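Student: Right, I'll just put the structure down here and ask away after.
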Amino acid sequence: MNIVEVEELNFEDYRQLLSAMKAAYPNWPGNYWSEASIEKLIKKFPEGQIVVKADGVVVGCALSIIVDYEKFGDQHTYLQITGNYSFNTHDPKNGDVLYGLEIFIHPDYRGMRLGRRLYNARKELCEKLNLKAIVFGGRIPNYHAHSKEMLPREYIEKVKRKEIFDPVLSFQLANDFHVKKVLKQYMPEDEQSEEYATLLQWDNIYYLDEEEAQHQPNTYIRLGLVQWQMRPYKNLDELFTQVEFFIDAISAYKSDFALLPELFNGPLLAEFNNLSEAESMRRLAKYTPEIRNRFKELAIKHNVNIITGSLPSLEDHVLKNVGYLCHRNGLVEQYEKIHITPDEEKFWGMKGGDSIKVYDTDAGKVGILICYDVEFPELSRLLADQGMQILFVPFLTDTQNAYNRVRYCAQARAIEDECFVAITGCIGNLPKVENMDIQYSQSAVFTPCDFAFPANGVKNEATPNTEMVLISDVDLSLLEELHSRGSVRNLKDRRHDFYELKLKKKAER
């Protein structure tokens, strides 16, 4: 075999098709596809009739029609779905499911993955035509050897667990189809399956209904990460001159998000050096309401969603570490640092918050965890369960080993929660500010590790300890594909029957 081709079936190929079919079904005389039926299918739906050729000869075939599946439901027979072989059930205008009528490979060519090529061609057609799914009734030809000792349901489970091999069902399961139902008398002439069949389905994750298709969002999202230089600032106006410079630059690149680091306004603590560390942080917190309002204005002015890093905030006399998601439409939402580091509690008297959520934005569903929080995998998993696509992590680390704790945990979150993770921090020195004197950062965007993503899970990263903006594009549609078809599926394969993760109810005060 030198050349393999997958193409539409032509009526002139019928003799070769019949020859391959007879070889594939030696025990099924009298039930082969007739010339008249093949001609009808080609006239009604030429795209749906696919053959695989080896050196120009037909050695396999996949036949299909489009049906309005609600008219049939899950309890139907082969004659019903084909309209008694008239194929008047083919409904390209109102149909929403690609229904598989036949698939076979000549026995001399099995083991060469030609069947997989036919299934892939069907999947591509389903996606191209924006159909919900591929559905078909599958034979279980080895069931007759086990029917006296087990029901079809038990047989199917054993095939799934690879305790029994079934030449048809085993192959279909390996090609991402799942069993929806067991059908009785689906194809009465199928004695090997004892008239049983499995109703199998493959879901098109790219399917859009009419309303969704009209408002299909852009799946390419651009992130702008500010690696912020700690330097002395005389006042808030001077600090915001630098902030707006970066926001303007990120906006000029048409970014959807701008991310700043944790406690980036730390230089303003120098004004309060005569006070204790705890008191100076409380004085700094007095700037936070104005900073929030300024970021809101910048988000609207520069048409970019801004994640403000974090800021100290006094709430009912309790000092917290909070930040704001300033949507470019003017909406502002607050997030909180949940886990306070030992130094934050010891020197500043900070307390952790008790709320997390996924934020709906015009560029996807995002979660935000501040620095130390990303080292607790439970938080990001709770966000992943709410549909998070991008996790933003503003951080502040003094040494490289502290930075690496944040970095490696953030990379782990991208893999285990099947999302993008963006991190950014501060660099430089603040010799006149106690407990915030040195900083280390290398901003980065991390991805899951699968074929659609970089092998090392790093989409982009900044130059370490250099003030700069990191611009990175991510494609949210790759996450949808990963959830369903990834080499491993961390979210889908969790053992909910064995363990669970949930938030406790908020304690009453």
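The values are calculated or read from the model by the stated rules, or taken from the named source; none is laboratory data. None of the values given here were measured: they were computed from a predicted structure. Note that each Cβ is placed from the backbone with ideal geometry, even for glycine, and that neighbours are counted across all protein chains shown.
Student: Looking at region 263-329, what strands (runs of 3 or more DSSP E) fall wholly within it and have at least 2 residues that are over 34 Å from the mean Cα position of the chain (by Cα)?
Tutor: Answer list for region 263-329: 311-315, 318-326.
Student: Got at least one residue in region 420-429 being over 21 Å from residue 469 (Cα atoms), part of a loop (DSSP other than H, G, I, E, B) and in contact with a strand residue (DSSP E or B) (Cβ under 9 Å, 6 or more places away or on another chain)?
Tutor: no
Student: While we're looking at this one, here's another question. If you go through region 173-196 one residue at a time, how many are touching a residue at least 12 places away in the same chain (Cβ under 8 Å), under 17 Å from residue 154 (Cα atoms) and acidic (Asp, Glu)?
Tutor: So the count comes out to 1.
Student: While we're looking at this one, here's another question. Of all residues in region 1-34, which are at pLDDT below 85 and under 14 Å from residue 52 (Cα atoms)?
Tutor: 1, 2
Student: Provide a single number: the residues in region 147-162 that are among the basic types (Lys, Arg) and either surrounded by 12 or more Cβ atoms within 10 Å (Cβ to Cβ) or in contact (Cβ under 8 Å) with a residue 24 or more places away in the chain (or both).
Tutor: Residues meeting the conditions: 3.
Student: Right, next: Could you list, ordered by first residue, the pairs with Cβ atoms under 7 Å in which the first is in region 269-283 and without any contact (Cβ under 8 Å) to a residue 60 or more places away in the chain and the second is in a helix (DSSP H, G or I) and surrounded by fewer than 17 Cβ atoms within 10 Å (Cβ to Cβ), at least 6 apart or interchain?
Tutor: Within 7 Å, the pairs are 272/283; 275/283.
Student: Using the structure shown, decide if residue 179 is in a strand (DSSP E or B) and either aromatic (Phe, Trp, Tyr) or within 23 Å of residue 312 (Cα to Cα) (or both).
Tutor: For residue 179, the condition - in a strand (DSSP E or B) and either aromatic (Phe, Trp, Tyr) or within 23 Å of residue 312 (Cα to Cα) (or both) - is not met.
Student: Something else about it: Would you pick out the residues in region 184-195 that are under 10 Å from residue 139 (Cα atoms) and of a type outside the set (Asp, Glu)?
Tutor: Listed by number, the residues that qualify are 186, 187, 192, 193.
Student: Considering 140, 134, 156, which residue is touching a Leu at 6+ places or on another chain (Cβ under 8 Å), assigned to a loop (DSSP other than H, G, I, E, B), assigned by TED's automatic domain parsing to the domain that holds residue 192 and not acidic (Asp, Glu)?
Tutor: 140
Student: Using the structure shown, decide if residue 448 is assigned by TED's automatic domain parsing to the domain that holds residue 247 and under 28 Å from the mean Cα position of the chain (by Cα).
Tutor: yes
Student: So which strands (runs of 3 or more DSSP E) stay within region 435-509 end to end and still have 2 or more residues that are without any contact (Cβ under 8 Å) to a residue 24 or more places away in the chain?
Tutor: Once the strands (runs of 3 or more DSSP E) in region 435-509 are filtered for at least 2 residues that are without any contact (Cβ under 8 Å) to a residue 24 or more places away in the chain, what remains is 458-461.
Student: Would a scan of region 89-104 turn up a residue that is of a type in the set (Asp, Glu) and free of Cβ contacts under 8 Å to residues at least 60 places away in the same chain?
Tutor: Let us first name the residues in region 89-104 that are of a type in the set (Asp, Glu), namely 91, 96, 102.
If we keep only those that are free of Cβ contacts under 8 Å to residues at least 60 places away in the same chain too, we end up with 91, 96.
Yes, region 89-104 contains at least one residue that is of a type in the set (Asp, Glu) and free of Cβ contacts under 8 Å to residues at least 60 places away in the same chain.
Student: Let me ask something else about it. When you go through 300, 291 one by one, which is the residue that is aliphatic (A, V, I, L, M), surrounded by fewer than 17 Cβ atoms within 10 Å (Cβ to Cβ) and closer than 30 Å to residue 252 by Cβ?
Tutor: Working: 291 fails: surrounded by fewer than 17 Cβ atoms within 10 Å (Cβ to Cβ).
Answer to the selection: 300.
Student: Output the residues belonging to region 71-128 that are among the acidic types (Asp, Glu), in a loop (DSSP other than H, G, I, E, B) and either in contact with a Cys (Cβ under 7 Å, 6 or more places away or on another chain) or surrounded by 14 or more Cβ atoms within 10 Å (Cβ to Cβ) (or both). Break it down into steps so the answer makes sense when it comes.
Tutor: Taking region 71-128 and keeping what is among the acidic types (Asp, Glu), we get 74, 91, 96, 102, 108, 124, 127.
Adding the requirement that they be in a loop (DSSP other than H, G, I, E, B) leaves 74, 91, 96.
If the condition is that a residue be among the acidic types (Asp, Glu), in a loop (DSSP other than H, G, I, E, B) and either in contact with a Cys (Cβ under 7 Å, 6 or more places away or on another chain) or surrounded by 14 or more Cβ atoms within 10 Å (Cβ to Cβ) (or both), then 91, 96 are the ones that fit.
Student: Now for a different question. Would you pick out the residues in region 389-408 that are assigned to a helix (DSSP H, G or I), surrounded by fewer than 22 Cβ atoms within 10 Å (Cβ to Cβ) and either under 22 Å from the mean Cα position of the chain (by Cα) or in contact (Cβ under 8 Å) with a residue 40 or more places away in the chain (or both)?
Tutor: Within region 389-408, the first condition is being assigned to a helix (DSSP H, G or I), and the residues that meet it are 400-408.
The next check asks that each one be surrounded by fewer than 22 Cβ atoms within 10 Å (Cβ to Cβ); those that pass are 400-405, 408.
Those that are assigned to a helix (DSSP H, G or I), surrounded by fewer than 22 Cβ atoms within 10 Å (Cβ to Cβ) and either under 22 Å from the mean Cα position of the chain (by Cα) or in contact (Cβ under 8 Å) with a residue 40 or more places away in the chain (or both): 400, 408.
Student: Given the criteria under 19 Å from residue 264 (Cα atoms), surrounded by fewer than 16 Cβ atoms within 10 Å (Cβ to Cβ) and at pLDDT 95 or above, does residue 312 qualify?
Tutor: no
Student: Just the residues that are in a loop (DSSP other than H, G, I, E, B) and touching a Phe, Trp or Tyr at 6+ places or on another chain (Cβ under 9 Å), please, taken from region 1-54.
Tutor: 1, 25, 31, 32, 33, 34, 45
Student: So which pairs qualify, if the first residue must be in region 337-355 and over 12 Å from residue 281 (Cα atoms), the second must be among the hydroxyl-bearing types (Ser, Thr, Tyr), the Cβ gap must be under 6 Å, and the two must be at least 6 apart or on different chains?
Tutor: These pairs meet every condition: 339/372; 341/372.
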